[in-house]
Amino acid sequence: SAAVRTAAGEERAGRRPLLVLLTDGRANVPLGDGRTGKEAAKDDALAVARSARHRGWPALVVDSSRRASPFAAELADALGGRLLRLPGGGCGGLADAVATMTADGPGAGSEPR
């Protein structure tokens with residue numbers, strides 16, 4: 001995915017990426033390998049998340065759905081990251097979560113991108 005390619009580029013440049021994924025929990029677009037439908041889209045999203053997890057990058061999944069999305073929680077688990085419910089956390093909660101994650105991880109103090 002574009003996010004993984006961008007994060008890998010940042011890592012090659014000596015910076016530690018932080019993946020922040022904003023989702024409504026409704027995967028609906030597969031990656032374009034000929035499969036169609038929501039199940040293919042979910043499978044693709046989880047496969048990308050699992051491959052990103054192996055890179056060791058910190059990750060935050062922001063669930064923007066009106067009701068808690070089980071798929072957003074599944075993505076966070078696949079990424080090995082945190083889950084933040086935006087309606088519950090609000091924008092301030094999002095800013096706090098990102099600030100905490102950039103301060104706590106290796107490479108803390110480097111400029112976030």
*Exactly one condition in (1) in contact with a Leu (Cβ under 9 Å, 6 or more places away or on another chain); (2) surrounded by 19 or more Cβ atoms within 10 Å (Cβ to Cβ) is not met by P17; state its number.*
(1)
*Determine whether R67 is more than 16 Å from S1 (Cα to Cα), in contact with a Phe, Trp or Tyr (Cβ under 9 Å, 6 or more places away or on another chain) and surrounded by fewer than 18 Cβ atoms within 10 Å (Cβ to Cβ).*
no
*Complete set of residues in the stretch 43-63 that are over 23 Å from M101 (Cα atoms) and surrounded by fewer than 18 Cβ atoms within 10 Å (Cβ to Cβ)*: D43, A47
*May I ask you to list pairs of residues, at least six apart or on different chains, whose Cβ atoms are under 8 Å apart, with the first in the stretch 2-14 being touching a residue at least 40 places away in the same chain (Cβ under 8 Å) and the second being open to solvent by 40 Å² or more (accessible area, probe 1.4 Å) and outside any helix (DSSP H, G or I)?*
A3/L21; V4/R55; A7/R55; A8/R55; E10/R16; E10/R113; E11/R55
*asked:* Could you tell me how many of the residues in the stretch 20-33 are among the charged types (D, E, K, R) and loosely packed, with under 12 Cβ neighbours inside 10 Å?
replied: 1
*Residue satisfying all of: in the stretch 82-102; part of a helix (DSSP H, G or I) and in contact with a Ser or Thr (Cβ under 9 Å, 6 or more places away or on another chain); modelled with the lowest pLDDT among these*: P87
*part of a helix (DSSP H, G or I) and either touching an Asp or Glu at 6+ places or on another chain (Cβ under 7 Å) or open to solvent by 70 Å² or more (accessible area, probe 1.4 Å) (or both), is that true of T36?*
no
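The values are calculated or read from the model by the stated rules, or taken from the named source; none is laboratory data. Just so it is clear, the structure is predicted and the values come from calculations on it, not from any experiment. Glycine gets a Cβ as well: all are built from the backbone with ideal geometry, and neighbour counts include every protein chain shown. Accessible surface is based on the protein model in full, side chains and every heavy atom, while ligands, DNA and RNA are left aside. Shrake-Rupley method; radii C 1.70, N 1.55, O 1.52, S 1.80 Å.
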